[in-house]
Amino acid sequence: MPVSIANSTVVYDALKAVEVRLISVLPETWLVPTVRLANEDPEMTVVPVAKEEEAVGIAAGAHFAGTKSALLMQNHGLLSSVNGIVSLAMLYKIPLLMLISYRGGLGERDPWQTMGGSKTIPVLQALGIPYDELSDPASVAKQVRDAQSLAESSLAPVALLLTRSLMWEE
Amino acid sequence: MLPKEALRTIYPLVEDKIVVTIMGALPAELYALGHRKSFFYVEHSMGLASSIGLGLALCLPHEKVIVFDGDGSVLMNLGGLTTVASSHPRNLVHIIFDNQSFLSTGGSPTATASGTDLAAIAQAAGYPTAVTVRTLDELREAVTAAVEGDDLACIVAKVEAVAPASFHMDLGLLENRFEFARALRSRVKA
């Protein structure tokens, strides 16, 4: 599986560095090594969800409890979470640190990912969710830190798109 | 059971706990019985009350977290039952008021009106305990056991589809949210 283990470790370490202690996740191919790191880490609570919208609720509960959390999902998970993002996170001013595997972008070979790929950024823009693309492992730690800072200061969702160039080794 | 009487019966068991409710008739009745700063009424986000409760229960293992859910809300997030069960927070009590209808929006029947058994679904999802109660005595007994016990539990209370006199709650949505978070912080310190 040519998912980058090294860069998955960079992403995971960045989450640990900003004191994320709960991750709710619905895994997909690109996220598997990151989730494995989380599962192997006794300091991390991992909640595997059945559908990504649940993760918005779990993040809200964690926030109220004073625990920093992150959501890991594919971009189709973002699409299926929109109601929770709008009617819980935005309505109730809940910070969300969303790490989204950005399938269906340039270089995508799976035909079924291409539609979601083309709608991901337009949906984030329509929702007014600030986002950044993670492509260079050297800048991941800062981007994760900055995303969390903005999520917490604005009490709102912020998205980080895990790109093919970061997550996939051809 | 009338929902108001059901809530009044178990209110003393939950009033000092962390409580998350769905929107609609149930929170209005609970609010009328006596609001507490540790009560969070989820207006909207249908289905996610149990997910919020799960996040709270996992992050506050020394607290008892009570989720007041409804049949329509649970049906909207059935998969969430499997997430709760597999995460298995021992400090979460999931109480579902099943009035077999979407009462707040006009009373259309939900699937529980035609036989869907939410306690059986919760049990099959992996809840260690999931019971259906039909009387106030059964409800009091089940909630007492769950609150005093040390494991995840689901209680489905069959209630009549009777709306409260008023849905009004003199509490702003964000006011509730920030007050709730602050109340939890002070409990953590204490």
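Values for this structure:
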{"quantity": "Boolean, residue B:177 is of a type in the set (Lys, Arg), within 14 Å of chain A (Cβ to nearest Cβ) and surrounded by 16 or more Cβ atoms within 10 Å (Cβ to Cβ)", "calculated": "yes"}
{"quantity": "Complete set of residues in the range B:91-127 that are under 18 Å from the mean Cα position of the chain (by Cα) and loosely packed, with under 14 Cβ neighbours inside 10 Å", "calculated": "B:120"}
{"quantity": "Which numbered condition residue A:156 fails, given (1) surrounded by fewer than 17 Cβ atoms within 10 Å (Cβ to Cβ); (2) within 20 Å of residue A:52 (Cα to Cα)", "calculated": "(1)"}
{"quantity": "Residue count, the range A:36-86 (criterion: assigned to a loop (DSSP other than H, G, I, E, B) and either within 7 Å of another protein chain (Cβ to nearest Cβ) or within 14 Å of the chain's Cα centre (by Cα) (or both))", "calculated": "9"}
{"quantity": "Residue that is nearest to residue B:73 (Cα to Cα), among those in the range A:94-106 that are more than 14 Å from chain B (Cβ to nearest Cβ) and in contact (Cβ under 8 Å) with a residue 60 or more places away in the chain", "calculated": "A:98"}
{"quantity": "Residues located in the range A:144-170, provided they are more than 16 Å from residue A:59 (Cβ to Cβ) and touching a residue at least 24 places away in the same chain (Cβ under 8 Å)", "calculated": "A:145, A:161, A:162, A:163, A:164, A:165, A:166, A:167, A:168, A:169, A:170"}
{"quantity": "Condition met for residue B:73 (among the small types (Gly, Ala, Ser), crowded, with 20+ Cβ neighbours inside 10 Å and touching a residue at least 24 places away in the same chain (Cβ under 8 Å))", "calculated": "yes"}
{"quantity": "The range A:64-93, subset without any contact (Cβ under 8 Å) to a residue 12 or more places away in the chain and out of contact with any Cys (no Cβ under 6 Å at 6 or more places or on another chain), residue nearest to residue A:111 (Cα to Cα)", "calculated": "A:87"}
{"quantity": "Where residue B:82 falls short, out of the listed (1) modelled with pLDDT under 95; (2) within 26 Å of residue A:63 (Cα to Cα)", "calculated": "(1)"}
{"quantity": "Hits in the range A:15-28 (condition: in contact (Cβ under 8 Å) with a residue 40 or more places away in the chain, more than 14 Å from every other protein chain (Cβ to nearest Cβ) and either touching a strand residue (DSSP E or B) at 6+ places or on another chain (Cβ under 9 Å) or of a type in the set (D, E, K, R) (or both))", "calculated": "A:15, A:18, A:28"}
{"quantity": "Helices (runs of 4 or more DSSP H) contained in the range B:1-112 and holding at least 3 residues within 14 Å of chain A (Cβ to nearest Cβ) and more than 17 Å from residue B:173 (Cβ to Cβ)", "calculated": "B:49-59, B:71-76, B:78-87"}
{"quantity": "Failed item, numbered, when residue B:12 is tested on (1) in contact with a strand residue (DSSP E or B) (Cβ under 9 Å, 6 or more places away or on another chain); (2) without any contact (Cβ under 8 Å) to a residue 12 or more places away in the chain", "calculated": "(1)"}
{"quantity": "Single residue of B:147, B:143 found to be more than 14 Å from every other protein chain (Cβ to nearest Cβ), assigned to a helix (DSSP H, G or I), aliphatic (A, V, I, L, M) and under 24 Å from residue A:60 (Cα atoms)", "calculated": "B:147"}
{"quantity": "Subset tally (residues that are among the hydroxyl-bearing types (Ser, Thr, Tyr), over 12 Å from residue B:81 (Cβ atoms) and in a loop (DSSP other than H, G, I, E, B)) for the range B:113-136", "calculated": "3"}
{"quantity": "Which listed residue is within 29 Å of residue B:44 (Cα to Cα), part of a loop (DSSP other than H, G, I, E, B) and of a type in the set (A, V, I, L, M, F, W, C), from A:100, A:94, A:121", "calculated": "A:94"}
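The values are calculated or read from the model by the stated rules, or taken from the named source; none is laboratory data. Predicted, not measured: the structure shown is a model, and the values here were computed from it. With ideal geometry, Cβ positions are generated from the backbone for all residues, glycine too; neighbour counts draw on all protein chains shown.
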